[in-house]
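Below: one structure, written as structure tokens.
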Amino acid sequence: MELEQGYEPSDEKPSDVKIVRTKDELRALLDPLRGGRIGLVPTMGAFHEGHLTLLRAARRESETVVCSLFVNPTQFGQGEDLERYPSNEARDLELARAEGIDFLFAPSAEEMYPHGFETWVEPERLSLELEGVLRPTHFRGVATICIKLFNIVRPDAAYFGAKDAQQLAVIERTVRDLDLELEIRPVETVRDSDGLALSSRNAYLSPAERKVALTLPRALALGAEAARDGGDPVATTRSALEQEPGLKTQYVAVADYGGPRLLAAIQVGKTRLIDNIPLKGGAR
Ligand code: PAF
């Protein structure tokens, strides 16, 4: 990740994290702070070290940091895990406080999608491949909520994890296509010591399923190694995944998302997991 050089955040910021529920209140709180750099970290909560890494990057580079905490219903398809998506606002608030975040924006679904809401941001080609084949309305929901957040917060920069590489590419494209004036800051995936990419959905895995899930980062690493040796990263990854009977492979692909990346999605029990790694020359 490229970090800004020579930027010194000032000490003039609220002394404690403030939880904000409405757009109007957030705008009113941010208005007097607009002279300084504002960083936004959009999240769906259930913080893990990956989120904290985003918050820290925003904190380093901004005078005011807003973290949104909103489980966005429009990016979940029918039969997906909206109802059981992990949530623990009190814990998230404590973690945000410990990271020195200024505002935690935690609106209701009605606040973000009032009665009569009918306008969508609909990315095309990029949102129809890979994840989009399995989740056809997912990126429309993601792009719409992100543009709404960008319009409410009007940040100088917004921070996103590279674990969701396609999401990041969709957001970058949307920002470019709609001429929005903010910087999108990618932050590389954070992994547990066993290699599993951190995700709020890891909480769904039983200990036995978690062992199976570790096949995903290992298979991707083998794929990347094959690519370095002139082999086929997709075939290598797929074959490593297929050796584990406890999972179903949904896709394996190479895509140019800010550079070449090897991506895969699997299903372990009821849990879908995605992961990706940069191929040579693909690190952002
Ligand atoms: O990556 C996520 O957590 C979500 O897709 C996002 C970007 C916060 C939009 O709801």
Among (1) away from the ligand (no atom under 13 Å from the Cβ); (2) open to solvent by less than 70 Å² (accessible area, probe 1.4 Å) - the single one Glu124 does not satisfy
(2)
Please state which one of Ser200, Ser206 is surrounded by fewer than 16 Cβ atoms within 10 Å (Cβ to Cβ) and under 22 Å from Tyr85 (Cβ atoms).
Ser206
So which residues in segment 216-265 are within 18 Å of Arg191 (Cβ to Cβ) and in a strand (DSSP E or B), if there are any at all?
Arg261, Leu262, Leu263, Ala264, Ala265
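Here is a yes/no grid of residues against (1) open to solvent by less than 20 Å² (accessible area, probe 1.4 Å); (2) among the β-branched types (Val, Ile, Thr); (3) in contact with a Pro (Cβ under 8 Å, 6 or more places away or on another chain); (4) away from the ligand (no atom under 12 Å from the Cβ):
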| residue | (1), (2), (3), (4) |
| --- | --- |
| His138 | yes, no, no, no |
| Val142 | yes, yes, no, no |
| Asn151 | no, no, no, yes |
| Asp156 | no, no, no, yes |
| Ala162 | yes, no, yes, no |
| Val170 | yes, yes, yes, no |
| Leu178 | no, no, no, yes |
| Asp192 | no, no, no, yes |
Write out, first by first residue and then by second, each pair whose Cβ atoms fall under 6 Å of each other, whose residues are 6+ apart or on separate chains, and whose first residue, in segment 225-252, is surrounded by fewer than 16 Cβ atoms within 10 Å (Cβ to Cβ) while the second is at pLDDT 95 or above and not in a helix (DSSP H, G or I).
Lys248/Gln267
Is there any pair linking a residue in segment 107-135 that is β-branched (Val, Ile, Thr) to one that is open to solvent by less than 60 Å² (accessible area, probe 1.4 Å), with Cβ under 6 Å and at least six apart or on different chains, and which?
Val121/Ala143; Val121/Thr144; Val121/Ile147
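The values are calculated or read from the model by the stated rules, or taken from the named source; none is laboratory data. All of these numbers come straight from a predicted model, not from anything done at the bench. Neighbour counts are summed over all protein chains in view; Cβ atoms, including those assigned to glycine, are modelled from backbone coordinates with ideal geometry. The area values use the complete protein model at the heavy-atom level, side chains included, leaving out ligands, DNA and RNA. Shrake-Rupley method; radii C 1.70, N 1.55, O 1.52, S 1.80 Å.
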